[in-house]
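The values are calculated or read from the model by the stated rules, or taken from the named source; none is laboratory data. Just so it is clear, the model here is predicted, and its values are computed rather than measured. Note that we place each Cβ from the backbone using ideal geometry, even for glycine, and neighbour counts take in every protein chain shown. Surface areas here come from the heavy atoms of the whole protein model, side chains and all, with no ligands, DNA or RNA. Shrake-Rupley method; radii C 1.70, N 1.55, O 1.52, S 1.80 Å.
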Amino acid sequence: MHVVGDSSMTLLTTVGSAFEATVLVARLGAEGFLARTRGATDGPYPLPRPVDALVLVTEVDDVRQLLLADDLQARRDDRL
């Protein structure tokens, strides 16, 4: 667990690249959730490397529900 200011953050998931992490953090931020990345997010070469997405401990359940709803919507859209 990491501490950002007065808030404790915990691992939500690990994604395969900095791009995926940026998209995920932006999605969560659009819904008002504080999220951060940890890992190889910057560098001279855009090599795919694992990047952790961290969220507030107090919001992790709400964030997981949001991502589940997004996944279900995407599956429904794929069937149409």
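The table that follows gives values for the structure above.
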quantity	calculated
Peptides 51-57, 33-39, 74-80 ordered by average Cβ neighbours within 10 Å, highest first	51-57, 33-39, 74-80
Virtual spin-label span in nm between Asp62 and Tyr45, 7 Å along Cα→Cβ	4.1 nm
Average projected area [Cα convex hull, the stretch 34-80], square nanometres	4.7 nm²
Å² of accessible area per residue within the stretch 2-80, as computed with a 1.4 Å probe and no ligands counted	69 Å²
Percent of Cα-Cα distances greater than 16 Å, calculated over the chain	54 percent
Share of carbon and sulfur in the accessible heavy-atom surface of the chain [1.4 Å probe, %]	54 percent
